[in-house]
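Taking it in order: structure first as structure tokens, then the write-up.
The values are calculated or read from the model by the stated rules, or taken from the named source; none is laboratory data. Remember, it's a predicted structure, so these values are computed and weren't measured experimentally. Every residue, glycine among them, receives a Cβ derived from its backbone with ideal geometry; neighbour counts consider all protein chains shown.
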Amino acid sequence: MIKFISSSVGKKYLMGLSGLVWAGFIFVHMLGNMTILISPDLYNAYGHAIVSNKPLLFATEAALLGALFVHVICAVLLTKGNQEARKSRYAATPNGAKAPAFASQWMAVHGSIILIFIISHLLTFKYGNYYETTVNGVNMRDLARLIYENFQLPQVVGWYVISLILLGFHLTHGVRSIFQSFGLLHPAYQPVIQKLGVVYAVVVAGGFISQPIFVFFAKSLGS
């Protein structure tokens, strides 16, 4: 097992598995966050429901943190290994039809930016200012107020939009890589998987981007 994990194939498998965990999470997270488009109360109730179930919350956070750690470590090791192998074969980057796409060629770059974005997102919202509100007679954290407070700032909205566009690029290649890591990328249905990856990336990135854009142009919590 240790020999397999330390191999290139093993690292790709772990990277695909950890990527699958995060791909599933961000889709569900995107859907939940879009409740802000409906009403602040619904968004607060959604957030309160999550933090109220402590065992599930802690288990989810532990799984996500572990998956993120594995994903980053494997990405660093695989990138280093690929660079060393590339130097031993050729010095120039292929052009034309053989040139790597932006999503794959710059995975390490936008992956690093996304990691910074995740950290800043947690610092801004999970550990940000604490406000309280009452929804249906239940006292809870007013996350909607914090959302509106931050997304009225153009620099914050710009940072989120740029980061989420890069997330979309990351996902277009990432979804394909998950299937490849598990040995499921058969040439017969590779085009379908690539299209599904693009659709998934556009839906997720678009769904997340709609939130800061909507809040930025909303004049008040009641608008």
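For residues that are more than 23 Å from ILE213 (Cα to Cα) and surrounded by 13 or more Cβ atoms within 10 Å (Cβ to Cβ), tally how many sit in the stretch 21-49. Full working, then the answer.
Quick first cut of the stretch 21-49, residues more than 23 Å from ILE213 (Cα to Cα) only: 21-22, 24, 48-49.
Within this subset, residues satisfying the condition of being surrounded by 13 or more Cβ atoms within 10 Å (Cβ to Cβ) are 21-22, 48.
Final tally of qualifying residues: 3.
Filtering the stretch 18-69 down to residues that are among the β-branched types (Val, Ile, Thr) and part of a helix (DSSP H, G or I), which residue is nearest to the chain's Cα centre (by Cα)?
Step by step, filter the stretch 18-69, then rank; the result is ILE26.
Of the residues GLY197, GLY206, GLY183, GLY137, only one is modelled with pLDDT under 90, surrounded by fewer than 15 Cβ atoms within 10 Å (Cβ to Cβ) and small (Gly, Ala, Ser); which?
GLY183
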